Amino acid sequence: MKLNRRHFLGTGIAASALLTAPTVWGQAKPKVVVIGGGAGGATAARYLAKDSDGAIEVTLVEANPIYTTCFFSNLYLGGFYDFEKLQHGYDKLAGGGVTVINDMATGVDRAARTVTLAGGQVLPYDRLILSPGIDFKDGSVPGWSLDAAEIMPHAYKAGPQTQLLKKQVEEMPEGGVFAMIAPPNPYRCPPGPYERISMVAHILKTKNPTAKIIIADPKEKFSKQALFEDGWNRHYAGMVEWIGPDFGGGKVEVRPEAMEVVIDGEVTKVACCNVIPGQKAGKIAELAGVTDDSGWAPVHPDSMKSKADENVWVLGDSSAQGDMPKSGFSANSQAKVAAMAIRGELTGSKSFPAKYSNTCWSLIAPDDGVKVGASYEPTPEKIASVESFISEVGEDAALRKATYEESLGWYAGITADMFG
Amino acid sequence: MTRRLSMAVLLLAFGTTPGAAEEIGDAARGADLFARQCQACHQIGEGAKNRVGPQLNKIFGRRAGSVEGFTYSRSMARMGADGLTWTLETLDAYLANPKALVSGTRMNYRGMPDPEARAALLAYLRDWSDRPQDIPESEPTARKTDPDLAPEVLALKGDPDYGEYLASECRTCHQADGSDQGIPSVTGWPEEDFVIAMHAYKQKLRPHPVMQMMASRLNDEEIAALAAYFATLK
């Protein structure tokens with residue numbers, strides 16, 4: 001890469017035609033602004049800076065100076081992982097040549113190619129990467145709004161919400177009811193709500209064994225369903241009740257003040273209620289005007305480039321790309337394809353065919369881990385699944401333990417890959 | 001059921017005795033090879049005990065890393081947990097190049113490159129799996145479909161730039177600095193071992209589903225590119 005570039009500079013300097021490309025030449029290095037410092041944005045920023053060897057000016061805009069990963073936050077909930085271990089700073093990224101700005105992006109002017117921050121700063125860009133995760137759809141769960149999140153937490157953006165939910169579960173009165181309002185498709189981390197149920201059940205089994213768990217679900221089926229149901233039967237028999245749409249799981253209202261959940265007209269008093277609302281792309285994607293009626297941002301399958309603007313990329317949860325689930329693993333995978341494509345456009349480095357992959361591990365009980373995964377390739381219409389696998393019901397304990405241990409290795413791996 | 005039936009038919013047709021060894025290789029030569037290359041660490045036969053390596057009676061059909069009382073390397077234990085079972089195929093791959101199949105194995109043996117010698121040794125080992133009367137679960141004795149790689153595949157010189165991009169996919173799980181925290185290190189491997197290991201996943205000889213999936217869509221050039229790139233890492 002280095003060699004190619006030197007060569008290019010050495011021979012190209014005499015070619016006057018090239019001097020008309022101001023973003024490549026002289027003082028003005030090409031600028032990439034990345035909004036969102038999670039699995040998509042941090043990875044993209046890191047790879048762009050690392051692989052371009054300083055030829056691209058990379059700025060990462062992230063509101064939180066310390067990032068808390070949403071993946072593995074269920075394990076914290078279940079007491080299997082320390083909260084501090086979910087938290088990561090950006091100092092290594094900064095040391096690796098990324099300019100990190102802890103501020104909130106409040107606007108994108110795609111015509112002028114600038115990003116405005118809450119603090120007033122205006123950042124010009126040649127290429128913009130949006131990786132803002134999710135936001136919640138207003139009115140998705142009647143009776144619930146973000147204002148109610150202190151009473152009925154969503155805990156679907158990791159941080160204080162996750163800590164609040166854990167505290168509430170641990171303080172449930174004896175024999176109380178834990179309710180989850182599960183989200184409609186598509187949403188971040190398809191097995192996430194059900195791994196969360198497993199973790200809550202694990203806590204209740206040890207601290208509050210007569211407590212009950214109900215899940216109101218608008219979906220006919222859910223990710224890893226057979227594996228979770230088998231696990232719940234084996235570990236938490238009689239504790240978990242799943243109410244699908246046939247039994248009114250989609251007709252739900254919550255009453256935070258009264259701590260009541262109404263499912264298909266039937267009122268239940270609950271001790272703790274986790275509302276995971278319907279979701280859409282992170283707000284800045286909407287403000288930038290790259291989302292469509294679905295609330296997500298369509299992208300080209302071969303590069304993750306926005307279909308609305310050739311200078312904008314959208315990664316991870318916010319993107320509408322096809323078959324990949326919204327997950328940290330997916331966002332990390334997409335970020336590498338995007339970084340390669342952007343580097344190719346800005347510095348002329350080699351580009352290769354996009355390959356994507358994903359694996360999601362879930363913990364059902366101590367040392368009982370399962371996983372699902374697939375590889376993906378772009379087709380003209382979408383990112384399409386090529387091959388997939390899933391853990392099987394009835395696997396022996398050694399394999400389940402190995403799967404769990406592998407997930408710990410994955411967490412260490414992906415966070416090192418994101419944050420350096 | 002079908003398998004047994006077809007084997008019975010086969011035996012009748014060729015009029016051989018049900019001694020499996022003849023179909024694999026020269027067990028007498030295998031005994032000699034065992035004495036010279038394996039016996040320092042492994043016991044086999046009546047009263048065999050674990051020594052430097054585990055005892056090898058009834059190894060066919062046994063889960064890797066499962067002999068009671070023997071302390072295995074983390075790699076071997078993990079391969080066993082992932083589902084690696086000793087069959088004619090997997091044992092043959094392991095004997096050919098132990099570290100290509102189980103990267104962190106403690107078996108300090110360089111491998112047996114000659115397929116005929118391996119067949120002889122396997123016939124001998126198989127004999128000690130067959131001799132006891134109570135092992136109906138043993139794998140069939142059909143000759144393995146060869147996972148051998150053509151020399152031109154092994155000789156492929158990969159493009160390290162392409163390898164670097166492809167390797168970014170590996171780094172979601174395998175840490176670049178080579179640390180092993182539940183997912184094995186892939187840095188610092190000899191290029192050829194890397195290529196063999198990836199082909200072993202691709203051909204589903206190695207059991208891990210994520211790796212099988214990752215390897216399955218890589219062509220020979222891409223595997224070579226990855227090996228070339230990882231070889232450049234310290």
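Each reported figure results from applying straightforward, stated rules to the coordinates on display, with no laboratory input. Values in this document were obtained by computation on a predicted structure and should not be read as measured data. Glycine also receives a Cβ, built like all others from the backbone with ideal geometry; neighbour counts cover every protein chain displayed.
Observations, loosely collected:
- Residues of region B:83-123 with amide N under 20 Å of the 7 Å Cα→Cβ point at B:ALA35: B:117-123
- Ranked list, fewest to most other Cβ atoms within 10 Å of each Cβ, for B:LEU166, B:LEU233: B:LEU233, B:LEU166
- Most mobile of A:GLY192, A:GLY54, A:GLY78 in a GNM of chain A (Cα contacts under 10 Å): A:GLY54
- Percentage, to the nearest whole number, of Cα pairs in chain A over 35 Å apart: 31
- Average Cα contact separation per residue, region B:20-130, under 8 Å, 6 or more apart, as relative contact order %: 40
- Farthest toward positive dipole pole in the protein assembly as shown [+1 Lys/Arg, -1 Asp/Glu at C-beta], among A:GLY282, A:GLY54, B:THR172: A:GLY54
- With a simple spin-label model that places each label point 7 Å from the Cα along the Cα-to-Cβ direction, the separation between A:VAL122 and A:ASP91 comes to 3.5 nm.
- As a length-normalised measure over Cα pairs under 8 Å and 6 or more apart, the relative contact order of region A:254-331 settles at 18 percent.
- Relative contact order of chain A, taken over Cα pairs closer than 8 Å and 6 or more residues apart, is 18 percent.
- Estimated translational D of region B:20-130 in µm²/s (Stokes, Kirkwood radius over Cα pairs; 4 °C; 1.567 mPa s): 93
- Of the Cα atoms belonging to region A:151-275, the radius of gyration and Dmax stand at 13.4, 35 Å.
- Taking 0.36 nm per residue of sequence separation and removing the Cα-Cα distance, the A:ILE390/A:THR268 pair yields an extension gain of 40.4 nm.
- Peptide A:400-412 is shielded by partner chain Cβ atoms: per residue, an average of 5 of them sit within 10 Å of its Cβ.
- Dimensionless Rg over Rh [region A:76-199; C-alpha; Kirkwood]: 1.04
- Local electrostatic count at B:ASN97 - Lys and Arg +1, Asp and Glu -1, tallied over other residues with Cβ under 9 Å: 0
- Among A:GLY95, A:GLY328, A:GLY231: highest mean-square fluctuation, GNM of chain A, C-alpha pairs under 10 Å: A:GLY95
- When chain A is treated as a GNM with alpha-carbon contacts under 10 Å, the residue of A:ALA258, A:ALA354, A:ALA297 showing the greatest mean-square fluctuation is A:ALA258.
- Centroid-to-centroid separation of region A:156-174 and region A:117-153 [C-alpha atoms, Å]: 21
- Taking the Cα centre of region B:20-130 as reference, the dipole from Cβ charges on Lys and Arg (+1) and Asp and Glu (-1) amounts to some 700 debye.
- Fewest neighbouring Cβ atoms within 10 Å first, the residues B:LEU95, A:LEU408, B:LEU226 line up as A:LEU408, B:LEU95, B:LEU226.
- Where both bridge residues fall in the protein assembly as shown, DSSP classifies roughly 55% of the beta bridges as antiparallel.
- For B:TYR109, net neighbour charge (Lys/Arg +1, Asp/Glu -1) across residues whose Cβ lies under 15 Å away: +3
- Residue (of A:PRO218, A:LEU165, A:PRO30) at the positive-pole extreme of chain A, dipole from beta-carbon charges: A:PRO30
- Neighbours of A:GLN161, meaning other residues whose beta-carbon lies under 13 angstrom from its beta-carbon, give a summed charge of +3 when Lys and Arg score +1 and Asp and Glu score -1.
- Placing unit charges on the Cβ atoms of the charged side chains and taking the dipole of region A:274-399 about its Cα centre, the candidate lying farthest along the positive direction among A:TRP313, A:SER333, A:SER362 is A:TRP313.
- Net charge dipole size for the protein assembly as shown [Lys, Arg +1 and Asp, Glu -1 on Cβ; Debye, nearest 20]: 980
- Which of A:TRP410, A:TRP232 has the fewest Cβ neighbours within 10 Å, and the rest in rising order: A:TRP232, A:TRP410
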